[in-house]
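Please treat every number below as a calculation from the coordinates, not as lab data. From a predicted model like this one, the values you see are computed outputs, not experimental measurements. Don't worry about glycine lacking a Cβ; one is built from the backbone with ideal geometry, like all the others, and counts go over all protein chains shown.
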Amino acid sequence: MDELIKEILKFGILPTFLLVLLFLVIQDPDRALKIRALITEPFFKLFKWFSKEYIASNISAHANEFLNSNVFTLLAHSERYKIKVKWVKEQDDPILTEKGTLILRMKEDDDQTRNILSSVHIALPRVVCSLIRSNINSSCEKSIDLTILKKLSEKLGKHGRLTYKKYFLDPETEIDNAINDLIKKLLALDKHGFLIPVFINELELLGEGLYADNDKSDYSEQVIQFIEYLLTIINRPLHSEVELEYFSNPFKVSTILLAKAQRADTQGLKPYLRRLKINLDKGSESIYFIAYPLAFDFFDRLLNSLESYERIFIKKEIKTQYYSELIGHQSNLKIAVLTRNDVFVDGEFEHKLDSCNLKEGSRVKGTVEDVSQKESLVTIMGLRAYISKNDCSWHSISNCEDVLKIGQEYEFIIKKIDKTSNYIYLTHRLPETNPWDLIDLPKINSTIEVELISYDTIKFTSYYQNNLEIYIPIEEMSWFFLTPNQCRGLIGNTINAKVIDIDDENEKIYCSYRQIEENPWPQIHKSLQKGMEFTGKVTDITSNYIQVRLPNNFSGIIPRESLQKAGFEYVNFEDNVVIGQGIEVVVSKVFIAKQKVRLDLKRNK
Amino acid sequence: MIKSIKIPAIHDKDLKHILDKFDASTKIDNKEIKCSNCNEIITWDNLFAFKITQTGLLFFCNEPDCIEKSSKQ
């Protein structure tokens, strides 16, 4: 880096400076205006030299920077505008003969704030919501313009805010207080990131439709109601459900909030795609997907999958900010603007099924588009299909991701076609890979070697011959009660188990590990009498009991109540008792049916 | 696509000279011109804009309502 600087400085400081300026201007042409305003400012302020150059570049630089970064980048349409001051200098300027031309008078004040605000105020009707303005009244129109102008005034500093209030806001609200009320509501929308990305975009889209239909009705009241609807969304109490559809002529809008990342991770895209489909079926013309930071990854996945969805167009993906009351500062927000594809015909689903010869039972190749815990999205021949976790493999899996990878192609079988909802359900459980048919099944009462893979509250799952899943009910693992720690400790072990049930219909085999040994409980019942004293060994500690192994290898538990009754170190037994320590116990009761031995501390006797 | 919006403007220095073409300077001096929106007398101080029409010039004062109307009338 130092070498580079030395090389550059060989040319001299001035050429290097000019080179940097040139680079900055090429990178962003608006910078030329800022640089020009910056250079001419001292001459203008001191001697009123370069007055026109300074005023024009100052106005254009501020106006363009504001409109580009605060308005145009958040709008769905691709039109961009550049504001430029054109000076009328001579009496014979041709513009003075052009009928309908508005010519502004630019004052030569040191303070150009008012000129900047006035110029943008004049330009706004041409660049924001230009088509819908004939359908709304003056109060609505002024409120929208003044709200946007307020945003500009805030960029111009404290003086900008004062100028805005004195020359633009106050004179209007003195006449019409409704404007003040409406501006407050629009500013609330802006605070939550909804003003330009949702409200203004919706007016833009609606304006295009009304203009095309030559509809000149006054929709001011409907616009105000739409603002109220958006306010209910932003003001909704935490975790509460709000109406996310707004069908009030001429508005046909749906909003889909992506905030619950956990739900998105477990249930995947399907609930949202289903909601989108319902919204389209109901007649939504525009749909707004709104994602808060926790759902950004999911938002990207959703939009990727929607790129091929024929019923909609993704008009714009917007990155903006909102004020989070929870964290007390600005946070990022992503909004996608979608519009209905009016050319799409709903009968296309069945037509495609027929043309691709897709039926229930058909074998198809599909590419995985999205994977979530419980369900994944697959594209087959341009159609969307879903596969649930249980259909991903012949083995039990905890997440679709264990088997399916995004972007990979797999072979599937169509399990079900639901023509009423246009859904295709797939399975990846292909007959030729079914372990039930691939290995010699064990016989009932035989002893087989299995590897314990996982457990839940009901059963252990194990593999026989590294392929077929075998289940061992929890109670069949041991003649004694197993603590969660003990269950966990068994995973990964290979054990011999006795086949106790074969369910041919559901292709499931159940085994028992404890039945390898004789039932010790009749013996326990005989040999363990109430009141017998032992010195046992602590084998496990939970919040509710301590498990103790007796010298005769039988196990029992000391309940929490007994431990606390003993007092002293046993009050906080979880902290003070350690596994392996000796403990003086007395048999309290033997439950032969429950196969449990209840012990008490000798101290409590 | 970037569309250029040209805002025609007259600098204070050229204002009287240009308005002379329409014989408006003297009328402003004589307080004979009114804002076409609010009817306020146009002065050199409150003149915000003017519009060229078939019949001549329409003047607007610097009241916000008049600024807004000037871009529509």
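Go ahead and run the numbers for FRET between A:Trp436 and A:Met532, Cβ-Cβ distance against an R0 of 41 Å, rounding to 0.05. FRET efficiency, A:Trp436 to A:Met532: 0.25. Report the percentage of all Cα-Cα pairs in the protein assembly as shown whose separation exceeds 41 Å, rounded to a whole percent. Of all Cα-Cα pairs in the protein assembly as shown, 56 percent lie more than 41 Å apart. Highest-first packing order for the peptide set A:590-601, A:405-416 is A:590-601, A:405-416, based on the mean count of other beta carbon atoms within 10 Å.
With a threshold of 26 Å on the Cα-Cα distance, the over-threshold entries among A:Lys142/A:Lys277; A:Lys84/A:Lys191; A:Lys459/A:Lys526; A:Lys151/A:Lys316; A:Lys416/A:Lys508; A:Lys565/A:Lys594 are A:Lys142/A:Lys277; A:Lys84/A:Lys191; A:Lys459/A:Lys526. What the Cβ-Cβ distance of B:Lys31 and A:Asn68 gives, at R0 = 35 Å and to the nearest 0.05, is a FRET efficiency of 0.25. Between A:Gln581 and A:Gln267, how many nm apart are label points set 7 Å from Cα along the C-beta direction? Spacing of the two 7 Å Cα→Cβ label points: 4.8 nm. Cα-based values for chain B, radius of gyration first and Dmax second, are 12.8, 47 Å.
Report the gain in length on full extension from A:Ser543 to A:Arg603: 0.36 nm times residue separation, minus Cα-Cα distance, nm rounded to one decimal.
In short, 19.6 nm is gained.
For the stretch B:33-73, would you read off the P(r) tail past 12 Å as a percentage of all alpha carbon pairs? So the portion of pairs separated by more than 12 Å is 48 percent.
Using Stokes-Einstein with the Kirkwood hydrodynamic radius over Cα pairs, what translational diffusion coefficient do you get for the stretch A:249-372 at 37 °C and a viscosity of 0.692 mPa s, in µm²/s rounded to a whole number? So the translational diffusion coefficient is about 202 µm²/s. Distance between the C-alpha centres of the stretch A:502-517 and the stretch A:192-251: 61 Å, rounded to the whole angstrom.
With both labels modelled 7 Å from their Cα along Cα-to-Cβ, the A:Lys86 to A:Lys277 distance reads 5.4 nm.
Taking R0 as 41 Å, what's the FRET efficiency between A:Thr232 and B:Cys38 from their Cβ-Cβ distance, rounded to 0.05?
On the way: r = 38 Å, r/R0 = 0.93.
Plugging the Cβ-Cβ distance into 1/(1 + (r/R0)^6) gives 0.60.
Within the straight-line cut-off of under 15 Å between alpha carbons, the aspartates and glutamates reachable from A:Lys605 are A:Glu533, A:Glu561, A:Glu584, sequence neighbours fewer than 8 places apart in one chain being disregarded. Straight-line reach from B:Lys21: which lysines have a Cα under 18 Å away, not including same-chain ones fewer than 8 places off? Cross-link targets: A:Lys89, A:Lys99, B:Lys13, B:Lys31, B:Lys51.
One Cα centroid belongs to the stretch B:46-73, the other to the stretch A:280-300; the line between them spans 44 Å.
Spacing of the modelled spin labels on A:Leu24 and A:Ser388, each 7 Å from Cα toward Cβ, amounts to 6.2 nm.
Over the stretch A:526-604, what per residue volume does the convex hull of the Cα atoms give, in whole Å³?
81 Å³
May I ask for the angle, rounded to the nearest 10°, between helix A:138-155 and the longest principal axis of chain A, with both axes built from Cα atoms and the value confined to 0 to 90°? The helix A:138-155 is inclined about 80 degrees to chain A. Under a 5 Å amide H cut-off, with hydrogens placed 1.01 Å from N, B:Thr53 pairs with A:Gly100, B:Leu58 among residues at least 5 apart or on other chains.
If you rank A:His329, A:His395, A:His192, A:His159 by fewest surrounding Cβ atoms within 10 Å, what's the result? Display every interim value, and only then the final one.
Details: A:His329 9, A:His395 15, A:His192 21, A:His159 12.
By the 10 Å Cβ count, ascending: A:His329, A:His159, A:His395, A:His192.
Taking a quarter of the surface of the Cα convex hull of the stretch A:303-358 gives a mean projected area of 5.8 nm². Relative to the longest principal axis of the Cα atoms of chain A, the long axis of helix A:177-191 makes an angle of roughly 50 degrees. When the Cα centres of the stretch A:359-416 and the stretch A:30-69 are compared, how far apart do they sit, in Å? Result: 59 Å between the Cα centres.
For A:Asp391, A:Asp440, A:Asp109, what ranking results if the residue with the fewest other Cβ atoms within 10 Å of its Cβ goes first? Show your work: numbers first, answer last.
Values: A:Asp391 20, A:Asp440 7, A:Asp109 11.
Placing the least packed residue first, the sequence is A:Asp440, A:Asp109, A:Asp391.
If you take every residue apart from A:Thr16 with its C-beta less than 12 Å away from the C-beta of A:Thr16, what net charge results, scoring Lys and Arg +1 and Asp and Glu -1? Each step should come with its number before you reach the end.
On the way: positive: A:Lys6, A:Lys10; negative: A:Glu7.
With Lys, Arg at +1 and Asp, Glu at -1, the net is +1.
Per-residue Karplus couplings for the stretch A:484-492, computed as 6.51 cos²θ - 1.76 cosθ + 1.60 with θ equal to phi - 60°, are listed in order as x, 4, 5, 4, 4, x, 7, 4, x Hz, Gly and Pro entered as x.
Each listed q (0.20, 0.21, 0.23 Å⁻¹) maps to a log10 I(q)/I(0) for the stretch A:435-516, found by the Debye formula over equal Cα scatterers with no solvent: -0.83, -0.92, -1.09.
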